[in-house]
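Rule-based calculations on the coordinates, nothing more; no lab input. If you're wondering where the values come from, they're calculated on a predicted model, not measured in any experiment. Because the Cβ atoms are built from the backbone with ideal geometry, glycine has one as well, and the counts that use them run over all protein chains shown.
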Amino acid sequence: MSESSNRSEYASFFAVIGASAAMVCSAPRAAYGTVKSGASITAVPVMRPEWIMKSIIPVVMAGIIAIYGLVVAVLIASSLNDDISLYRSSLQLSACLSVGPSGLAAGFAVGIVGKASVRATAQQPRLFMGMILTLIFAEVLSLYGLIVALILSTE
């Protein structure tokens with residue numbers, strides 16, 4: 001089998017679609033997490049003005065989800081070339097499809113947890129550590145997708 005038969009005209013299409021899917025899936029849910037938890041921050045200064053900086057943590061964690069998708073998209077886009085094989089582009093598509101939906105789930109979880117826990121922490125400050133732990137477990141969903149994506153894209 002010759003080297004040219006391993007190449008396909010549409011092989012780079014899969015890699016480009018994958019890089020787009022990583023951002024299209026990660027960024028909107030990161031925005032959702034930011035909006036949901038950010039809206040509850042407005043209630044905190046009424047009860048505890050000194051807790052305003054601690055209540056920003058869910059918003060920061062929601063923004064990290066979009067960074068995971070961006071890292072994989074940039075990694076895939078920088079490795080594109082004219083003679084990419086179908087196998088390699090399929091691996092890149094799979095990498096992006098692992099980080100994208102995991103970013104969807106994590107952004108949704110961070111938004112819901114952030115909204116509830118920021119308001120609960122404003123009423124009962126002892127819940128702060130529980131909020132942090134719950135947000136970490138919600139964020140780690142996206143981190144698992146990033147790890148799988150990095151393994152697949154560097155294969």
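Which one of Q92, T134, L75 is farthest out on the positive end of the charge dipole of region 54-139, using unit charges on Cβ (Lys, Arg +1; Asp, Glu -1) and the Cα centre as origin?
Farthest towards the positive pole: T134.
How big is D for region 24-155, in µm² s⁻¹ as a whole number, if Stokes-Einstein is applied with the Kirkwood radius of its Cα pairs at 37 °C and 0.692 mPa s? If you can, show how the numbers build up before the last one.
On the way: Rh = 15.4 Å.
Roughly 213 µm²/s, to the nearest whole number.
With contacts defined as alpha carbon pairs under 8 Å and 6 or more residues apart, what's the relative contact order of region 1-147 in percent?
Numbers: 245 pairs, mean separation 55.6, N = 147.
Relative contact order, region 1-147: 38 percent.
Roughly how many debye, to the nearest 20, is the charge dipole of the chain about its Cα centre, given +1 on each Lys and Arg Cβ, -1 on each Asp and Glu Cβ, and no other charges?
On the way: 9 positive and 7 negative charges, 191 e Å.
Dipole magnitude for the chain comes out near 920 debye.
Report, in deg cm²/dmol and to the nearest 500, the calculated mean residue ellipticity at 222 nm for the chain, where each DSSP H run with n ≥ 4 adds -39500 (n - 2.57) and the sum is divided by the residue count. Can you show the working numbers first?
On the way: 5 runs with 121 residues, N = 155.
Helices in the chain give a 222 nm mean residue ellipticity of -27500 deg cm²/dmol.
Could you tell me how many degrees, from 0 to 90 and to the nearest 10, lie between the Cα long axis of helix 11-41 and the main elongation axis, the longest principal axis, of the Cα atoms of the chain?
The angle comes out at about 0 degrees.
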